[in-house]
1. On average, how much area does the Cα convex hull of region 205-349 cover when viewed from any direction, in nm²?
2. With charges only on Cβ, +1 for K and R and -1 for D and E, what is the dipole size of the chain about its Cα centre, in debye, rounded to 20?
3. For every helix of n ≥ 4 consecutive DSSP H residues, a contribution of -39,500 (n - 2.57) applies; sum these over the chain, divide by its total residues, and give [θ] at 222 nm rounded to the nearest 500 deg cm²/dmol.
4. Any idea what the dipole of region 52-201 comes to, in debye rounded to 20, about its Cα centre with Lys/Arg Cβ at +1 and Asp/Glu Cβ at -1?
5. Take ILE266, ILE259, ILE328 and order them by how many other Cβ atoms sit within 10 Å, fewest up front.
6. For region 37-126, what is the convex hull volume of its Cα atoms per residue in Å³?
7. How would HIS175, HIS335 line up from fewest to most surrounding beta-carbon atoms within 10 angstrom?
8. What shape does region 399-496 have by the C-alpha gyration tensor, where a ≥ b ≥ c are the square roots of the eigenvalues, rounded means a/c under 1.5, and otherwise prolate means a/b greater than b/c and oblate the rest?
Amino acid sequence: MMIQMLCAALLAAATSPAVVPAPQEMKVNEGTYSLKAETLERKDCRYTLDKSLPKEGYRLSITAGGIAVASADEAGRFYAEQTLRQLGEAKDGKLSYPRVEITDFPNFGWRGALLDEGRHFFGKETVKGMIDLMAYHKMNVLHWHLTEDQGWRIDIPGMPELVQYGSWRKESPCHGAKLKSYGNFRYESSALNGQKYGPFYYSEADLREVVAYAAARHIRVVPEIDIPGHMCSAIAAYPHLTCFPENVKERSARSDWGISTDVLCIGNDETVRFVERVFDFICDVFPSEVIHIGGDECPRINWEKCPKCRERMKKEGFTKAGQLQGWITRHIAVHLAKRGRRIMGWDEILADDAPKTAIGQSWRTQSGNGAGTALVGGAEAARLGYDMVMTPHTETYYDYYQGLTDDPFQYPGGMIPLKRAYAFDPCAGVVPEARKHILGSQAQMWSEYIWNEYDLQWKMWPRACAMAETLWTKPEKKNFDCFMKRMEIHRRRLIGMGVNCAPLR
Ligand code: ACM
Ligand code: ZN
C-alpha cells in the first residue's frame, strides 16, 4: 500500500508539469503565474549568479511574484530557459506557468548524439534542427561523423580532390525488402539503385557556421575523421594513400555498406603527412578540445602484405600488423596534443596502447575480455583509467528497430524499443572507483538506413528523450512509468514543433 501511494505521488509529481529530462528536485506549489505575453523574454526573469551551484546547474523559482533563475554559469541559465520553455503554456495572449521550485543539474557531463553524414548527407539546416532539439533536451555534445567509405563531407583548402572524388558515389543500396527470418523488421537488399548520390559536402564556412550555431546553444561539436579504416572516399581522391593503389578501380566513394579492406597504408610517410594535414584543418575549424579519430573496423590484411607497412613494422619492432594501428593512433595523439587537443576513438584504439589521455568510446557488444556483456569492455577500460563514453550498440544505436508495428521506415536490424533505451545505464558493470571515468553517452544515429530528416527524427525521438533523461537525471530519480506519463504530453509538444516523433511504444 505504501509503495502504491509512493508511486502515485511520484507519478503525480512527475506528470504535472511534464519536464523532460526530469529535474533532480521539483516542488510544485498551488497556483500559477501568468505573463501578459505569448513569449518569454530574458527581462521577464530575475537572474542571479550563484557560484555555489554545480556546473550547468540552475535554480528556478516561479512564485506569485514572478520568475527567478540562479546559476553558476551561462549554460545553467540556458538550461533553466529550456525548462521554462517546457513549463509555459501559451493561451489567449498569456503565458501561464505552474508555481515550482526546481533545483537541477546534470548527472553526466557528456550528453551527446552522433550524426553520421558519411552514408547519407543531411545538410546544415537539418543539423541545426537537430542541434535545437538536443539543446531543448539539455544535451551538449554533437559527435559529427564527417568521413566514411561512402562519402567525404568536408572541403579542405588545398586538397580539392577529397570532395572532387570522395563526396559522391555512383549508386547506393536499394531500399531493402523485409527479411522474415529477422522477426520481420530487418531490411536488406544486395541490389544497388543505379542513382548517383552526391556530390554532397560542407565548405569551411558551413562548418564554422554549424560550430557557432551549436556553441550558442551550449553544444560542442566533436568532429570525427575516421582513420585508418573507413577511408575509401579519401583513397578515391588519393589512391597512393593505400597499400595497393593498383586495386583502386573506382575514383568515387564506395557504393555499398559494410567494411572495406582498403585502408590507409601506415608504412607510407605521405599517408602520415596527409592525416596530419587533415587534422590540422580540423583543429583550425573546430574549437573542441576533443577530436575523434575513429579507429573502428580496420582490417589489417593489406598491412600484412604491404612492403611499406612491413618496413615500418620492422623499424618499430612490431610482431603483428595490428600494432600499426596503435602506432598511427599514438602519432596523431602527439600531433594533436601539440595543438592542445585530446584524441577520442572507438574502443578498438584501446586494444593497442592508446595513450591514457585518450577518451575511449565503447560500442561493441563483445566485452573485449570474453565476458560477453555489452559494457564489460568499456567498464574494464574505465577500471584501467581511460575516460569513456559508453555507447554499446545494443542500447544506444537508435538506427536500430524500435519495435513499432507498421513502421514505415527501414532498419538494419537490432532492437531498441523505448523501454530498453530508457533502461540503459552507462555505469552498469563499472566498479565504483572507476565511475568517475564514465563521461556519459550518446544517441547514435548511423545513417545507412536513414534517408532524410523525417526518417532521422522518427528514429531519434522519442528514444533520444530517454537518453537525455538517462544522462541528465540521477538514476535513483528515473522511473519509466513517470517518464511515459510525461512523454504523452511532451511528444505532443514535439509534434507541435514539427518534429516527426515516433509513437510511444
Ligand atoms: C561502429 O559502429 N563501427 C563504431
Ligand atoms: Zn601499407
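1. Value for region 205-349: 9.4 nm².
2. For the chain, the charge dipole is close to 780 debye.
3. Per the formula, -9500 deg cm²/dmol.
4. Charge dipole, region 52-201, about its Cα centre: 420 debye, nearest 20.
5. Details: ILE266 28, ILE259 12, ILE328 22.
So the ranking, lowest neighbour count to highest, is ILE259, ILE328, ILE266.
6. Value for region 37-126: 143 Å³ per residue.
7. Details: HIS175 13, HIS335 17.
In increasing order of surrounding Cβ atoms, one gets HIS175, HIS335.
8. oblate
Where a number appears in this text, it was derived from the coordinates with a stated rule and is not lab data. As the structure is a prediction and not an experimental result, all values here were calculated from the model. Cβ coordinates were reconstructed from backbone atoms using ideal geometry, including for glycine residues, and neighbour counts include every protein chain displayed.
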